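The structure under discussion appears below in the form of structure tokens.
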Amino acid sequence: MDEVSTYVLYDIPDDGVRTKIAEVCKDYGLERIQFSAFSGSLTRNMREELFLRLRDTLGQRAGKILLQPVCEKDVRLGLRVENEDGDTEPAQTETPGERPETV
């Protein structure tokens, strides 16, 4: 099955539940891109399984979770600035074979 870029974004007030949600995302090989955001490539079956685990982990507690697949065309159009601590110049990343847009 083909893997598709997938983003998981969440807003959960309970620290313990939020930590469990992050651990579930890591279990599926997703990379943390923000404090409450993960991304990675997943098959349809993996996305469905992940969604069920996230839903069950949240249970009836307060919170919101978005699991969003994104087509490769839109991923290639994305722009990203990523700085490591102490860097003086922002590093613009690009997808191989694509020319990044000027910001």
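The values are calculated or read from the model by the stated rules, or taken from the named source; none is laboratory data. Computed from a predicted structure; not experimentally measured. With ideal geometry, Cβ positions are generated from the backbone for all residues, glycine too; neighbour counts draw on all protein chains shown.
Anything in region 23-40 that is surrounded by 11 or more Cβ atoms within 10 Å (Cβ to Cβ) and in contact with a Leu (Cβ under 9 Å, 6 or more places away or on another chain)? List them, or say none.
Once the filter is applied, which keeps residues that are surrounded by 11 or more Cβ atoms within 10 Å (Cβ to Cβ) and in contact with a Leu (Cβ under 9 Å, 6 or more places away or on another chain), region 23-40 yields 24, 25, 28, 29, 30, 36, 37, 38, 39, 40.
Residues are listed down the side, and each one gets a yes or a no for (1) modelled with pLDDT of 55 or more; (2) under 15 Å from residue 33 (Cα atoms); (3) not aliphatic (A, V, I, L, M):
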position: 55; (1), (2), (3): yes, no, yes
position: 60; (1), (2), (3): yes, no, yes
position: 63; (1), (2), (3): yes, no, yes
position: 81; (1), (2), (3): yes, yes, no
position: 84; (1), (2), (3): yes, yes, yes
position: 88; (1), (2), (3): yes, no, yes
position: 98; (1), (2), (3): no, no, yes
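Do any strands (runs of 3 or more DSSP E) entirely within region 1-42 hold 3 or more residues that are within 8 Å of the chain's Cα centre (by Cα) and among the small types (Gly, Ala, Ser), and if so, which?
Answer list for region 1-42: 37-42.
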